[in-house]
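A short write-up of the structure that comes next.
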């Protein structure tokens with residue numbers, strides 16, 4: 001059983017996620033977490049399929065696969081708001097919502113295994129790195145500030161697959177699709193297709209109307 005924090009963005013395993021917490025129900029969530037032992041201070045982040053982040057009736061549907069957010073740092077304000085920093089941990093699949101008597105949602109979940117899949121994952125990872133370099137150059141030419149922040153790619157195929165999923169300028173649907181990939185190989189193959197598509201798009205951007213190149217913003221509630 002875990003508490004849920006629905007967001008209008010996708011948390012990828014290994015990604016640092018800062019949040020500004022101001023809604024009363026999520027202030028209560030942070031307070032409840034801080035009363036637990038350090039190794040139990042975590043909640044589930046799941047992307048909103050329909051609805052919005054703010055408001056009692058804002059969320060009407062959630063995606064099935066989300067990521068555990070492990071609480072690393074809390075900076076509290078005198079009025080009860082707080083800034084928190086979390087790390088993306090294990091993936092899960094929502095099984096059912098459970099009423100625990102809290103103002104925030106809780107759910108029973110199934111934890112998802114991290115399977116590399118086919119033995120060609122290292123070869124796929126090498127090709128992803130090559131295409132990501134071309135994508136990064138196209139992003140830099142388009143003037144996106146994120147290009148300077150894209151660091152060297154890690155050698156581990158699984159870690160690489162999640163880093164690329166977080167680093168690319170994608171809409172929620174595509175990023176959620178990558179999060180839900182059953183194996184590392186499947187995720188890397190999907191990234192090869194997306195990198196080919198997005199690299200062409202980035203190269204054409206100077207001749208297109210103004211486009212928002214910003215990465216998904218840090219969540220608020």
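The values are calculated or read from the model by the stated rules, or taken from the named source; none is laboratory data. Note that the coordinates shown come from a computational prediction; the quantities given were computed from them, not determined experimentally. Every residue, glycine as well, gets a Cβ built from its backbone with ideal geometry; the counts of neighbours run over all protein chains shown.
Taking the range 114-128 as the range and being free of Cβ contacts under 8 Å to residues at least 12 places away in the same chain and assigned to a loop (DSSP other than H, G, I, E, B) as the test, only 119 passes.
Looking only at residues of the range 99-113 that are touching a residue at least 60 places away in the same chain (Cβ under 8 Å) and surrounded by fewer than 15 Cβ atoms within 10 Å (Cβ to Cβ), we find that the one that is nearest to the chain's Cα centre (by Cα) is 108. Test residue 100 against the stated conditions and say whether it is at pLDDT below 95, touching a strand residue (DSSP E or B) at 6+ places or on another chain (Cβ under 9 Å) and not in a strand (DSSP E or B). Yes. For the residues 188, 201, 195, the requirement of being part of a helix (DSSP H, G or I) and within 18 Å of residue 11 (Cα to Cα) singles out 188.
From the list 130, 158, which one is in the same structural domain as residue 200 (by TED's automatic domain parsing), within 26 Å of residue 49 (Cα to Cα) and at pLDDT 90 or above?
Working: 130 fails: within 26 Å of residue 49 (Cα to Cα).
Exactly one residue qualifies, and that residue is 158.
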